[in-house]
Amino acid sequence: MKRVQITGKSVRKFEDGYPIVALTDLENNKDFDNGAWVQLENHGHFVATAYFAKQHRGIGYVLSLKENEPIDERFFTGKFRAAAAKRNAFANQDAYRLFNGTGDGLGGLVVDVYKGIYVFRWQNDALKQQARLIYAGFERIMGKDQTIVAVTPGQEKTQLISGDLGQQPVNILENGVTYPVDLTLSRQQLALEFRDVRDWAKQNGQQKRVLNLFSAETGLVAAAMVGGAVDAVSVDPTNRATTTLQAQLAANNLEQAPVEMRTMDVTNYLDYASKHGLTFDMIMINPPAFIRGKKRTFTLEQDLQPLVEQALKVATTGTKILVTATAPTYSMKHLQSTVNAAVENYTGHVTAFNTYGSPNDFLTNVADRHSESLKGLLLSVD
């Protein structure tokens, strides 16, 4: 295993449990070798075993702080054993997260369960190179007769690793709402971290007029409609958002529900709604980190504040506004400051009365503040 020298400043960070290696941690940038498994050292002293991978955050992940721990099938078995033990409370649910990357000690991999089918989401090619060992470790804990599919970045379809997928889509029942999920498709059709938020939408949807901005995989409109919403408008620049929502409504016998689906720029819709005096009782905003539309792009960093300001123009007294972010680099603190800045420009009174994080099956690494999958703020217009 190649030995790579890291800076003295980086040693404490890794020893305190921070799991992500950055290029600035290396004494020599040229030591980065995509896909390599390495020993990180400082002046000849072992610090950690890690692997290098090209990715959005950093250049790799720490695997172990134990100098003589082999990264083998037994190592991965231990990771899955611990992860499964921590999810005992979720074992009877139709869908949950079994393994959550750095939260379970292995950055670069998440494993979701849908009706007993395991979906391995490989987040980089470097870790996937060790798939044989990782699958073997998984099977030692979960059994050899499991159905496993793999999702690889850039591929539209999943790869069947073992077992039988059966008829697709599978129907996931969550809090009395059905969500169809086609496990032959690699894209997420139901974001599991939104479970608690969907429950809120259902519990509070009665007699509400709903506006949902960016809707692809949250499931919020279906939850609100099952909860008794009067009508809903769902706006998203992507065609797949409409396809997903139509399938969710059909699965709940709501094909004829008064749900308007618009494939368009969300700011253009808000302009239209404001000019025509439309107001809503429940507004849900879940923007992506970045999306390119036909005429403009949306970036979370630059455009969330004006988007919330626009949404406030179609609110009325009693309106609840939910603002969520799932981008790893967008912290709850950042979300709060952005929303506060938007509210300062509003002439009415707005209070934040609840926050949302990921549910308990989405374990996080306390040393990595960006490992929280979901950040959410619930506002009330008084």
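Are any residues in the range 1-36 under 27 Å from the mean Cα position of the chain (by Cα) and in a strand (DSSP E or B), and if so, which ones?
ILE20, VAL21
Let me spell it out: the conditions are (1) crowded, with 20+ Cβ neighbours inside 10 Å; (2) under 21 Å from GLU193 (Cβ atoms), and ALA315 meets all of them except one. Which number is the exception?
With respect to (1) crowded, with 20+ Cβ neighbours inside 10 Å; (2) under 21 Å from GLU193 (Cβ atoms), ALA315 is out only on (2).
With a cut-off of at least 2 residues that are out of contact with any Ser or Thr (no Cβ under 7 Å at 6 or more places or on another chain) and among the polar types (S, T, N, Q), name the strands (runs of 3 or more DSSP E) lying wholly within the range 65-181. Give the steps one after another, and end with the answer.
Details: elements: 95-100, 109-114, 117-122, 147-151, 159-162, 170-174, 177-181.
Here the list is empty.
Any residue that is in a loop (DSSP other than H, G, I, E, B), in contact with an Asp or Glu (Cβ under 6 Å, 6 or more places away or on another chain) and surrounded by 14 or more Cβ atoms within 10 Å (Cβ to Cβ) - is there at least one of those in the range 369-380? Step through it out loud before you land on a result.
Pass one, the range 369-380, residues in a loop (DSSP other than H, G, I, E, B): 372-374.
Add one more test, that the residue is in contact with an Asp or Glu (Cβ under 6 Å, 6 or more places away or on another chain), and what stays is 373-374.
Subsequent filtering for residues that are surrounded by 14 or more Cβ atoms within 10 Å (Cβ to Cβ) retains 373-374.
The answer is yes; a qualifying residue exists.
Please go through the range 321-341 and pick out each residue that is open to solvent by 60 Å² or more (accessible area, probe 1.4 Å) and either farther than 16 Å from PHE290 by Cβ or more than 17 Å from the chain's Cα centre (by Cα) (or both).
LYS333, GLN336, SER337, ASN340, listed by residue number.
Specify which of the listed residues (ASP104, ASP94, ASP33) is among the acidic types (Asp, Glu), in contact with a Lys or Arg (Cβ under 8 Å, 6 or more places away or on another chain) and crowded, with 20+ Cβ neighbours inside 10 Å.
Working: ASP94 fails: crowded, with 20+ Cβ neighbours inside 10 Å; ASP33 fails: crowded, with 20+ Cβ neighbours inside 10 Å.
When all the criteria are applied, what remains is ASP104.
Could you list, in sequence order, the residues of the range 109-125 that are surrounded by fewer than 22 Cβ atoms within 10 Å (Cβ to Cβ) and under 15 Å from GLY154 (Cα atoms)?
ARG121, TRP122, GLN123, ASP125
Hey, can you tell me all the residues within the range 145-164 that are open to solvent by 30 Å² or more (accessible area, probe 1.4 Å) and not β-branched (Val, Ile, Thr)?
Passing the criteria: ASP145, GLN146, PRO153, GLY154, GLN155, GLU156, LYS157, GLN159, LEU160, GLY163, ASP164.
Can you name the residue in the range 221-253 that is assigned to a loop (DSSP other than H, G, I, E, B), open to solvent by 40 Å² or more (accessible area, probe 1.4 Å) and not β-branched (Val, Ile, Thr) and, of all such residues, is farthest from ALA191 (Cα to Cα)?
Filtering the range 221-253 for residues assigned to a loop (DSSP other than H, G, I, E, B) gives 227-230, 237-238, 252-253.
Next, from what is left, pick out any that are open to solvent by 40 Å² or more (accessible area, probe 1.4 Å): 230, 237, 253.
Next, from what is left, pick out any that are not β-branched (Val, Ile, Thr): 237, 253.
On the way: PRO237: 18, ASN253: 21 Å.
Of everything passing the filter in the range 221-253, ASN253 is farthest from ALA191 (Cα to Cα).
Condition check: charged (D, E, K, R), free of Cβ contacts under 8 Å to residues at least 60 places away in the same chain, open to solvent by 60 Å² or more (accessible area, probe 1.4 Å) and closer than 29 Å to LYS86 by Cα. Does ARG296 satisfy that? Lay out the reasoning, then the answer.
Details: charged (D, E, K, R): yes; free of Cβ contacts under 8 Å to residues at least 60 places away in the same chain: yes; open to solvent by 60 Å² or more (accessible area, probe 1.4 Å): yes; closer than 29 Å to LYS86 by Cα: no.
When the stated conditions are applied, ARG296 does not pass them.
Please determine, by comparing only the residues of the range 254-267 that are touching a helix residue (DSSP H, G or I) at 6+ places or on another chain (Cβ under 8 Å) and open to solvent by 50 Å² or more (accessible area, probe 1.4 Å), which one is farthest from THR279 (Cα to Cα).
Top of the filtered list is GLU255.
Note down all Cβ pairs under 6 Å where the first residue falls in the range 17-40 and is aromatic (Phe, Trp, Tyr), the second is surrounded by fewer than 18 Cβ atoms within 10 Å (Cβ to Cβ), and they're at least six residues apart or on different chains.
TYR18/ALA367; TRP37/MET1
Kindly check whether there is at least one residue in the range 189-205 that is in a loop (DSSP other than H, G, I, E, B), among the polar types (S, T, N, Q) and more than 17 Å from the chain's Cα centre (by Cα). Spell out the reasoning first.
Step one: filter the range 189-205 for residues in a loop (DSSP other than H, G, I, E, B), giving 189-191, 204-205.
Then keep just the ones that are among the polar types (S, T, N, Q); that gives 189, 204.
Filter once more, so that each one left must be more than 17 Å from the chain's Cα centre (by Cα): 204.
Within the range 189-205, one or more residues are in a loop (DSSP other than H, G, I, E, B), among the polar types (S, T, N, Q) and more than 17 Å from the chain's Cα centre (by Cα).
Output yes when any residue across the range 311-322 is in a helix (DSSP H, G or I) and of a type outside the set (Asp, Glu), and no when none is. Quick ask: steps written out before the conclusion?
Going through the range 311-322, the residues in a helix (DSSP H, G or I) turn out to be 311-312.
Next cut, of a type outside the set (Asp, Glu) only: 311-312.
Yes: one or more hits.
For the range 268-293, name all the residues that are aromatic (Phe, Trp, Tyr) and open to solvent by less than 60 Å² (accessible area, probe 1.4 Å). Walk me through how you get there before you give the answer.
The first filter runs over the range 268-293 and keeps only residues aromatic (Phe, Trp, Tyr), leaving 269, 272, 280, 290.
Answer for the range 268-293, where residues must be aromatic (Phe, Trp, Tyr) and open to solvent by less than 60 Å² (accessible area, probe 1.4 Å): TYR269, PHE280.
Among the residues that make up the range 342-360, is at least one of them assigned to a helix (DSSP H, G or I) and open to solvent by less than 70 Å² (accessible area, probe 1.4 Å)?
Keep residues of the range 342-360 that are assigned to a helix (DSSP H, G or I), which gives 342-344.
Among the residues that remain, those that are also open to solvent by less than 70 Å² (accessible area, probe 1.4 Å) are: 342-343.
Looking for residues that are assigned to a helix (DSSP H, G or I) and open to solvent by less than 70 Å² (accessible area, probe 1.4 Å), one finds at least one in the range 342-360, hence yes.
Just name the residue that is nearest to ASN239 (Cα to Cα) out of those in the range 194-215 that are open to solvent by less than 10 Å² (accessible area, probe 1.4 Å) and among the small types (Gly, Ala, Ser).
Only one residue fits best here, namely ALA201.
The values are calculated or read from the model by the stated rules, or taken from the named source; none is laboratory data. Just so it is clear, the model here is predicted, and its values are computed rather than measured. Note that each Cβ is placed from the backbone with ideal geometry, even for glycine, and that neighbours are counted across all protein chains shown. To get the accessible areas, we keep the full protein, side chains included, count just its heavy atoms, and leave off ligands, DNA and RNA. Shrake-Rupley method; radii C 1.70, N 1.55, O 1.52, S 1.80 Å.
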